[in-house]
Structures are given as C-alpha cells and as structure tokens.
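Down below is the structure, laid out as structure tokens.
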Amino acid sequence: MKVEIEVMQEEEDKRPDNVVFDEESNSYNAALKPYATNVGAPIITTPDTVTWKNVNIDKVNKQVKARYDELKAEYDALMEKFEYNNLIYSAKFNFEPIVGEIYHLYRDKNQQPFLSIIAPSQCNFDFVETFRLNADKMWEVVEE
C-alpha cells in the first residue's frame with residue numbers, strides 16, 4: 001500500500017503544469033475544458049475592473065441621492081399639507097365649507113384655531129393662513 005502511494009505521488013510530480021488531469025475520474029480532460037489548456041494558448045488575464053467599479057459606484061450613489069432628495073422633498077411637502085389639513089379639520093367652524101371657495105384660518109384669544117370667510121383685511125383676528133378647499137376635500141394654501 002505504501003509503495004502504491006509513493007508511485008502515485010511520483011506520477012503526479014512527473015506531470016507538467018500544462019497537463020490537465022482529473023483526479024476524480026483519473027483521466028486527462030483537456031478537450032472537455034471551455035478554455036485553452038496547452039502551452040501555446042493565450043494567457044488568461046482578468047481585466048482591471050476597479051476603476052470601472054469606482055466610477056459607476058459614484059454614479060449610482062449620485063443617482064440614488066438625487067432620487068432620495070426628490071422623495072424627501074415630496075414627503076416634506078406632503079407632511080406640510082397633512083399638518084395644515086389636520087389643523088383646519090381640528091379648527092372650529094359653524095358652516096359647511098364649499099369646494100373651490102377661499103377661507104381664512106385664525107387663532108382666537110385662547111390660541112384655538114377657527115375658520116372664517118372674513119378676509120384678514122376686514123378684521124383684527126390673529127391671522128394664520130388662507131386656504132382653498134379642493135375637490136378631494138383637501139385644503140390648499142392660497143398664496144396671495
């Protein structure tokens with residue numbers, strides 16, 4: 001047994017580097033490989049992809065950041081709209097607002113919000129903002 005192992009090791013040592021020998025099947029399988037295996041074959045080199053990766057990582061990071069900034073701005077605008085709507089719907093008013101009409105939000109002496117049709121120029125109330133009720137029943141700020 002010991003002699004067989006030594007003979008096999010000697011055979012392995014005798015094979016040159018360019019010989020493709022499969023230890024499992026105990027056969028030569030150079031013809032089965034998808035790449036050239038003889039000495040005259042071109043050298044297989046891996047391309048340097050570090051520069052390509054770094055450039056594209058930078059581009060992807062910029063695109064992701066730009067998209068994130070867009071979404072953040074959209075989210076902030078939506079949250080502002082939500083806060084205004086929450087403020088108006090929690091305010092006091094004794095009428096049913098009509099879609100498309102302009103209303104003014106004020107604070108009373110107890111700092112409680114109330115909605116009115118009276119313009120800020122016609123009264124001395126603590127003015128907050130002017131709004132219009134749209135068809136979706138959401139309040140929009142009216143820039144004057």
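Derivation of every value follows stated rules applied to the coordinates shown; laboratory data play no part. Values in this document were obtained by computation on a predicted structure and should not be read as measured data. Positions of Cβ are backbone-derived with ideal geometry, glycine not excepted, and every protein chain shown enters the neighbour counts.
In region 48-63, is there at least one residue being under 24 Å from Glu143 (Cβ atoms), loosely packed, with under 10 Cβ neighbours inside 10 Å and free of Cβ contacts under 8 Å to residues at least 60 places away in the same chain? No - not one qualifying residue is present in region 48-63.
Residue count for region 109-141 under the criterion of being under 18 Å from Ile98 (Cα atoms), touching a His at 6+ places or on another chain (Cβ under 9 Å) and not aromatic (Phe, Trp, Tyr): the result is 7.
In the set (1) within 30 Å of Asp22 (Cα to Cα); (2) surrounded by 11 or more Cβ atoms within 10 Å (Cβ to Cβ); (3) not small (Gly, Ala, Ser), the condition left unmet by Ile44 is number (2).
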